[in-house]
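Trainee: The following block contains the structure, expressed as structure tokens.
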Amino acid sequence: MVSTPIFDQLKAICGSDESKDYFKYLFVEDEGENEGLIRKIVALCDGLHDKIAQFGAMLEEGQRFSHFDVAHWDGMECLVEAQARNGVILQAFLRLLDVLREAREEKHRHVMVMEGHK
């Protein structure tokens with residue numbers, strides 16, 4: 001007899017020894033995790049959009065300070081760097097979001113393939 005501990009565990013979790021059932025369970029879980037990731041990444045993007053807007057406003061307002069305040073201008077320089085990096089991070093999140101959204105159809109198709117095995 002062949003040892004299949006991973007499939008045995010999957011069978012136990014889904015409560016069925018039938019391949020159509022345990023694969024459907026696996027793909028439904030996968031589809032749900034993908035949707036959860038999309039929601040999390042959207043929330044992260046929203047938060048980063050807000051931070052970028054706030055940092056932009058701070059950069060604009062910060063120009064009004066005295067040029068003799070060295071600590072302030074060092075902070076402003078760091079704020080410019082942080083703003084640039086936040087933009088790069090946002091672009092990475094947006095790319096990830098595109099990939100996750102592209103995966104939706106494929107993940108749903110996997111569930112539908114198993115649905116066809118009633």
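Nothing in this text is a laboratory measurement; each read-out follows from the coordinates by a stated rule. This structure is a prediction, so every number in the text was calculated from the model and none was measured. Counting neighbours? That spans all protein chains shown, and the Cβs are built from the backbone with ideal geometry, glycine included.
Trainee: Chymotrypsin sites (Phe, Trp or Tyr not before Pro), restricted to the range 22-113: which are DSSP loop and have at most 11 other Cβ atoms within 10 Å? Provide the component values of the computation, followed by the final result.
Mentor: Numbers: sites: TYR22, PHE23, TYR25, PHE27, PHE55, PHE65, PHE68, TRP73, PHE93; in loops: PHE65, PHE68.
Passing both the DSSP loop test and the Cβ count: PHE68.
Trainee: Helix 19-62 versus the longest principal axis of the chain: what is the Cα-based angle in degrees, 0 to 90, to the nearest 10?
Mentor: That helix lies at roughly 0 degrees to the long axis.
Trainee: Assuming 0.36 nm per residue, please report the length gained on full extension of the stretch ALA12 to ARG85 beyond their Cα-Cα distance. Mind dumping the intermediate values first?
Mentor: Values: separation 73, 0.36 × 73 = 26.28 nm, distance 4.57 nm.
Gain on extension, ALA12 to ARG85, equals 21.7 nm.
Trainee: Let me ask you something else. Within the set of other residues whose C-beta is less than 15 Å from the C-beta of GLY36, count the net charge using Lys and Arg as +1 and Asp and Glu as -1.
Mentor: On the way: positive: ARG39, LYS40, ARG101, ARG104, LYS107; negative: GLU29, ASP30, GLU31, GLU33, GLU35.
It works out to a net charge of 0.
Trainee: Output the 0 to 90 degree angle, nearest 10, between the alpha-carbon long axis of helix 5-14 and the longest principal axis computed from the alpha carbons of the chain.
Mentor: On a 0 to 90 degree scale, this one is about 90.
Trainee: Also: Lys/Arg Cβ at +1, Asp/Glu Cβ at -1, dipole of the chain taken about the Cα centre: which of TRP73, GLY56, GLY15 is farthest positive-ward?
Mentor: So the residue we want is GLY15.
Trainee: Report the charge-dipole magnitude of the range 5-115 in Debye, nearest 20, computed about the Cα centre from +1 at each Lys and Arg Cβ and -1 at each Asp and Glu Cβ.
Mentor: Numbers: 13 positive and 22 negative charges, 21 e Å.
Its charge dipole is roughly 100 debye.
Trainee: Let me ask you something else. Pick the calculated semi-axes √(5λ) of the Cα gyration tensor in Å for this structure from (i) 30, 15, 10; (ii) 21, 20, 13; (iii) 51, 14, 9?
Mentor: From the options (i) 30, 15, 10; (ii) 21, 20, 13; (iii) 51, 14, 9, the structure gives (iii).
Trainee: Right, another one. So how much slack lies between LYS40 and ASP69, counting 0.36 nm per residue of separation and subtracting their Cα-Cα distance, in nm?
Mentor: Between LYS40 and ASP69, full extension yields 6.4 nm more.
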